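To start, the structure itself, in structure tokens.
Derivation of every value follows stated rules applied to the coordinates shown; laboratory data play no part. The shown structure was predicted, so the numbers you read here are calculated from the model rather than taken from an experiment. With ideal geometry, Cβ positions are generated from the backbone for all residues, glycine too; neighbour counts draw on all protein chains shown.
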Amino acid sequence: MADIRVERLAKILVDHSAQIKPGDRVAIEATTAAEPLVRALYSTILERGGQPYLLLELPDQDEILFNVASDEQLDITPVIRKLAYDQFESRMRIHSATNPRALTHVEPARQKRRQKALSPILETQMRRGADRSFKWVTALYPTEGYAVEAEMSHKSFEDFVFRACHADEADPVAFWKKVETSQRKMIERIEGHNQVILRGPNVDLTLSIKGRKFINGAGLNNMPDGEIYTGPVEDSVNGWVRYSYPAIYNGVMVEGVELTFTNGKVTKAKAEKNQPILLEMLESDPGARYVGEFAIGTNYDIDRFSHNILFDEKLGGTFHMALGAGYPETGSKNKSIIHWDMICGMKEDSEILVDGEQVYKNGKFAF
């Protein structure tokens, strides 16, 4: 029997996130493991007058690539994906790995090499996404592999995913519009100011948001969503942070990451586990040592860490910062081939001050 929640998720992505219009060309990126959702997307896009194009991969395609490809082959930018990002009106990426840790064995240098080849695609997404001439959205199909990562049964993980997206409700689009309204109030407390101070057991940071715009993450680019984010002034980040959740890069768990910033740049870095990955990625390019995104998670319906950044960065009571590329629409000028989110909890003995005023305490905004 078909799961009605899959149909509802497809409608959220088509009608709310990407807002597909007649004639829109839409690239659907997924593995074959996400076939039920891909089918629903394909049908719904056609119903709206769009033109869907399937860019499907094998579930283990990246693993095959790294095991077999030469360095020269890793350097090749995927031509068809690049064309879609350059010319199409939309893309929908459905994370649907069956083994999220398949690339754990891959040498960091080869991963960095592949990331460089993919960087023109990331740059195009950032650039065209800034003015919505390219409506990109990322979601997830609940495979058994992701369930194992989240330490849940497959059925429980399916419920977790659809509940977080509110695809288990009759009118999920109405919910996400309410999220946009409530988060607008949070942005009003912060935007237009200068200095931000974060204090807590795992953080003592200052940064500037002067002249920067906060984006209201209410389901346009990510599903599920629930965050407000900006790009801090590039040379303004000072202090230290110990990320209380693992930082995951291509399925590799980098745990106990601690970074020290001086005038925006990471000057000290260490990790309790898989430190070589951290250090290798920091050397990707000059922008990799600077922060492209500062964000506060607001989704309290996501009630557990699932080892999946699409969900975990939205956790209510956390903030995260991404090393590398920033979103131009926020005012960020940082460029890099990487964009690596790292998450820190703020629920205990923690606060955020904006120009000296406490706006956030122990995981909640103070209205």
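Per residue, the average separation of C-alpha pairs within less than 8 Å and at least 6 apart gives region 178-365 a relative contact order of 22 percent. In sequence order, region 2-11 has phi-based couplings of 5, 8, 4, 5, 5, 4, 5, 4, 4, 5 Hz under the Karplus curve 6.51 cos²θ - 1.76 cosθ + 1.60, θ = phi - 60°, and Gly or Pro positions carry x. With a simple spin-label model that places each label point 7 Å from the Cα along the Cα-to-Cβ direction, the separation between GLN87 and ASP204 comes to 5.6 nm. Counted by neighbouring Cβ atoms within 10 Å, the residues SER244, SER133 run from fewest to most as SER133, SER244. The fewest-to-most ranking of LEU279, LEU353 by surrounding Cβ atoms within 10 Å reads LEU279, LEU353. Here region 149-208 and region 70-87 have alpha carbon centers that stand 33 Å from each other. Region 286-346 and region 229-263 have Cα centres lying 9 Å from one another. Beta bridges assigned by DSSP with both partners in the chain are antiparallel in approximately 75 percent of cases.
For region 246-345, the alpha-carbon radius of gyration amounts to 1.04 times the rule-of-thumb value 2.2 N^0.38 Å expected for a compact globular protein.
One-quarter of the Cα convex hull surface for region 1-86, in nm²? Average of the hull's projected areas for region 1-86 equals 6.7 nm². Panel order for TYR300, TYR146, TYR290, by other beta carbons found within 10 Å of each beta carbon, from fewest to most: TYR300, TYR290, TYR146. Scan region 260-310 for GluC sites (Glu not before Pro) in coil per DSSP, keeping those whose Cβ has at most 14 other Cβ atoms within 10 Å, and list them by number. In loop regions of region 260-310 (DSSP not H, G, I, E or B), the sparsely surrounded GluC sites (Glu not before Pro) are GLU272, GLU283. In plain terms, the chain from ASP355 to ARG110 could stretch by 83.9 nm, reckoned as 0.36 nm per residue minus the Cα-Cα distance. Subtracting the Cα-Cα distance of ARG132 and GLN275 from their residue separation scaled by 0.36 nm leaves 47.8 nm. Projected over all directions and averaged, the alpha-carbon convex hull of region 4-170 occupies 9.9 nm².
Using 18 Å as the cut-off for backbone N distance, which residues of region 300-324 belong to the label zone defined by a point 7 Å from the Cα of LYS178 along Cα→Cβ? So the set is 300-303, 316.
For a label point 7 angstrom out from the Cα of ALA117 toward its Cβ, which stretches of region 38-75 have the backbone nitrogen within less than 12 Å? Answer for this model: 62-75. In whole angstrom, region 178-365 maps to an equivalent ellipsoid with semi-axes of 23, 19, 16, each derived as √(5λ) from the alpha carbon gyration tensor and ordered largest first. Size of the chain from its Cα atoms: along the principal axes, largest to smallest, the extents are 53, 49, 40 Å.
For THR32 and ARG101, the difference between the fully extended length at 0.36 nm per residue and the C-alpha to C-alpha distance is 23.1 nm.
Placing pseudo-labels 7 Å out from each Cα toward the beta carbon at GLU188 and ASP303 gives an inter-label distance of 3.1 nm.
Cα-Cα over 24 Å: which of LYS155/LYS177; LYS11/LYS333; LYS135/LYS361; LYS210/LYS361? Going by Cα-Cα distance, LYS155/LYS177; LYS11/LYS333; LYS135/LYS361 fall outside the 24 Å limit.
Between LYS268 and LYS333, the C-beta separation translates, for a Förster distance of 25 Å, into a calculated FRET efficiency of about 0.55.
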